[in-house]
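One structure is given here, and the rest of the page talks about it.
Derivation of every value follows stated rules applied to the coordinates shown; laboratory data play no part. Only a predicted model underlies this, so the values are computations on that prediction, with no experimental measurement involved. Quick reminder, even Gly has a Cβ in these numbers, built from the backbone with ideal geometry, and neighbours come from all protein chains shown.
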2 protein chains.
Amino acid sequence: MKKFEEKTTETEVIFEGKIVNLQVDTVELPNGKHSKRELIKHPGAVAIVAITEENKIVLVEQFRKPLEKSIIEIPAGKLEYGEDPVDTGLRELQEETGYEAERLIPITSFYTSPGFADELIHIYLAENITKMENPPPGDEDEFVEIIEVGLAEAKAFVEEQRICDAKTNYAILYLEMMGILK
Amino acid sequence: MKKFEEKTTETEVIFEGKIVNLQVDTVELPNGKHSKRELIKHPGAVAIVAITEENKIVLVEQFRKPLEKSIIEIPAGKLEYGEDPVDTGLRELQEETGYEAERLIPITSFYTSPGFADELIHIYLAENITKMENPPPGDEDEFVEIIEVGLAEAKAFVEEQRICDAKTNYAILYLEMMGILK
């Protein structure tokens, strides 16, 4: 839908990084006036809900520099432009958790910060996961700890804000709504 | 929690805007190596779940430049640094929807994109909303349309990804889990 479309009249690229690009667009508003929009371009990400044989959800705790603290999330990874999200997801799951999945089932997608960023996250359900004997090493600069919790405990974490990450909280409640998490 | 803390050894400020700032930090990792982190600084935001007398959720549709399309969300607004989130929330609700709330009840908070941004969103429930005769004008560059839906329809929108915004989807499912939305 293009309702209230804002037409770009000028784009100023401010920064091109490894994770994000930043540009400032000048736009023509529906009333003919002009305004500026600060836009973060992000390749999008994949996040994985993986359930163990013991019916526990696999979570990871890692330090998030923007927050200056470590938080609990479902395993996730940034897409490479043009890469199949399933390949990203299978790899990130292995690297971050040491679990190998037989396949990934697409569940849903959503935008995380539509006011200033185009990041789209795809949620997948990992089917038939097994612990790998020799998981691939993760990114050199990534340190994670695995936490496995049942649905009731996960929901308690959500309620107490021990999990306070939009994709993780939403994925847990969404998969319960769909009858997939029990 | 500071597990796996990454200590900042250098900060390069790239951009200071009206909505976001961008900086690149050099960090010392837990293993003593160094890496770079691209960080978006955002003041945070408030989002409001407002329920009408007819038990409908008040949603707004607006054009989101980062996505180049209009999407459906709960009313929300960026915090001003130092501003009380409740004041932001009451004002944004009035400006975007023309509804006045008797009070806002804090529900939960979460990070939207912890991998690259510090944005924290606070969800409030608006109590006893009434249509204003003369609502305050919104931001000059903001154009919104109001949509009111019941819980069943909202959940169908979530499932069909007609609503595809993390804060909105999560807020709807969270408030249902808490027995507040029925």
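Across the identical copies, the label point of A:LYS131 (7 Å from Cα in the Cβ direction) is separated from its matches by 6.1 nm, in order from shortest. Taking Cα atoms only, the orientation of helix B:166-177 departs from the longest principal axis of chain B by about 60 degrees. Rounded to whole numbers, the Karplus 3J(HN,Hα) couplings from phi for region B:43-49 are x, x, 8, 10, 10, 10, 9 Hz, using 6.51 cos²θ - 1.76 cosθ + 1.60 with θ = phi - 60°, and x at Gly and Pro.
Relative to the longest principal axis of the Cα atoms of chain B, the long axis of helix B:85-97 lies at roughly 50 degrees. What are the distances, in nm and sorted shortest first, from the label point of A:ILE14 to the label points of the same position in each other copy, with each label point placed 7 Å from Cα along the Cα-to-Cβ direction? Here the equivalent label points are 1.0 nm apart from this one. Across region B:62-70, rounded Karplus estimates of 3J(HN,Hα) from the backbone phi angles (6.51 cos²θ - 1.76 cosθ + 1.60, θ = phi - 60°) give 8, 6, 10, 3, x, 9, 6, 7, 9 Hz, Gly and Pro being marked x.
Rounded to the nearest whole angstrom, the semi-axes of the ellipsoid equivalent to chain A, taken from the Cα gyration tensor as √(5λ), stand at 34, 19, 16, largest first.
For A:GLU83, the label point sits 7 Å beyond Cα toward Cβ; its separations from the matching points on the remaining copies run 3.8 nm, from shortest to longest. Legend: residue pairs A:LYS41/B:LYS182; B:LYS2/B:LYS78; B:LYS33/B:LYS167; A:LYS7/B:LYS155, Cα-Cα distance threshold 30 Å; pairs beyond threshold, A:LYS41/B:LYS182; B:LYS33/B:LYS167; A:LYS7/B:LYS155.
Take the Cα of B:ASN31, step 7 Å toward its Cβ, do the same at B:GLU145, and the gap between the two points is 5.3 nm.
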